[in-house]
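One structure below.
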Amino acid sequence: MVNQIKKIIKKENLFSEHHKILIAVSGGIDSMVLVDIFLKIHQNFAIIHCNFGLRGEDSEQDELFVKNWAKQNNISFFSKKFETIQFCKAQKTTIQEGARKLRYEWFYEILTKENFDYIATAHHQDDNLETIFLNIGRGTGFFGIKGILPKHQKRIRPLLSITKKQIINYAKKNNIVWREDTSNEKLDYQRNQIRHQIMPIYHQICPNLVNSFADTIERMRGAYHILEKNIETTVNTFTHKEKDSEIINIEELTKIENAFFYFAEYLKKYNFSYQLCKKIWENQPYSTGKMIYSNKGNYRLLIDRKNWIVAKRQKKQLHYIENDTMILNINENQLTIKKINRPDSFKLLPNETYLDIEKIQFPLIVRNYFVGEKFYPLGMKGKSQKMSDFLTNKKLSRFEKENTLVIESNEKIAWVINQRASELFKCDENTKEILHIIYT
């Protein structure tokens, strides 16, 4: 099987001999076979182990077992114990989803910190078949039927073309020692139900199921790549980017044959499920200003005249400018503050402002504006205006309004960032020192 794995690594272009691989090892038969093969092919690798603390003393023994194996074979070892149940309760997610999130966040942290090239997992052909059955039940469509990919970004699965039977035979032949996870036998999880109740029946009906399905998966992957390119090309005909938003031109979208398919596939990357997309599509037209949140709530779809606007849900901002020389990082932007002498002219770009230092009071506060509050726009000779009216006159979309930040001094707005400064803090003929603020 070692030679077979070598051929798979080359065929799928998983990695080369100079790469450093981080192998996820639970202590079970699959991952112990994987590390044994990596020893035999003399690949540079380290072991990473997650202790989710879900099986009491068994979890502790699993970690100790993997740690001792790494020590005996002079392999670098990383481990971490998680408060999994508490995390899942706080995140309101299932144990499987929560553990997966914890696992991969930590994997990528170590990968980056320790300069590894790839994370290898011991997923095999039977796992792939079970995954496809799960995806069919979840209604993931064509893209779920392609199954697990042998290589995706920084993740590799060298055993993906290997059957469970082959892994067991290899382990017995090579005297591989492993630990049994008794939770794999329980029917509490959907995957275990498929593994122990559905798959045995399918194997009786079709004894060569795993191999024949492997051929189907390979063909599906080829079709997936063709379709993926087609979707990317078509999506570009009805979408464009503006600042932090994606704009969907409804008129252009509806000209396309099978328009809903492209719409749903496009929104999938923003966590809008197929069912939610269908609901949006079938309930047209919506009134302008209607807001629809993605299934995870981290993205929003705004109905805005002839467009649908997709944007990330923004968190409320609160930052402090403590003195006259500093830099603040706000999301992906930077606010640069410095004190300067009075210039000969006051020409400014929209993303910068001058404030009279004698008129301001530190600390300044960078925040979202409040509904109903007023400010005194520069040039309006001391007349106040509601922020909502000011932004509406600027013809900003709802997303742009919500993302608008202000700088406050002593409970008064000094600058509506990227829009206009306040009359109350303007520089005049008596100004000596200026606070120059740039937002990039």
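A few notes on this one:
- Phi to ³J(HN,Hα) by Karplus 6.51 cos²θ - 1.76 cosθ + 1.60 over segment 131-144, Hz, x for Gly, Pro: 4, 5, 4, 4, 5, 4, x, 7, x, 7, x, 4, 6, x
- For segment 354-397 and segment 1-29, distance of Cα centres in Å: 59 Å
- Under Karplus coefficients 6.51, -1.76 and 1.60, residue-wise ³J(HN,Hα) of segment 326-335 in Hz, glycine/proline x: 6, 10, 10, 9, 10, 6, 9, 10, 9, 10
- Option label - volume of the Cα convex hull per residue in Å³ computed here, alternatives (i) 207; (ii) 153; (iii) 163: (i)
- For the chain, the longest site-free run once GluC sites (Glu not before Pro) in DSSP loop states with at most 13 other Cβ atoms within 10 Å are removed: 333-410
- Packing-based exposure ordering (other Cβ within 10 Å, fewest first) of 159, 364: 364, 159
- Amide H contacts for residue 162 (H built 1.01 Å from N in the peptide plane; partners 5 or more residues away or on another chain; cut-off under 5 Å): 125.
- Mean separation of Cα contacts under 8 Å (6+ apart) over length of the chain, as relative contact order %: 11 percent
- Whole-Hz ³J(HN,Hα) from phi, Karplus 6.51 cos²θ - 1.76 cosθ + 1.60, for segment 291-301, glycine and proline x: 10, 10, 9, 5, 4, 8, x, 8, 10, 10, 10
- The chain: most fluctuating residue of 330, 29, 217 per GNM, C-alpha cutoff 10 Å: 330
- Sorted on the mean count of surrounding Cβ atoms within 10 Å across their residues, most packed first, peptides 142-152, 72-82 read 142-152, 72-82.
- Degrees, to the nearest 10: 29-40 long Cα axis against longest axis of the chain: 90 degrees
- Take every Cα pair under 8 Å whose residues are at least 6 apart in sequence, average their separation, divide by the length of segment 318-439, and the relative contact order is 38 percent.
- Sites matching trypsin sites (Lys or Arg not before Pro) across segment 331-440 that sit in DSSP coil, with at most 14 neighbouring C-beta atoms within 10 Å: 347, 381, 383, 394, 395, 432
None of the figures in this text is laboratory data; all of them are computed from the coordinates on show. Here the structure is a predicted model, which is why all the values come from computation and not from measurement. Here Cβ is always computed from backbone atoms with ideal geometry, including for glycine, and neighbour counts include all displayed protein chains.
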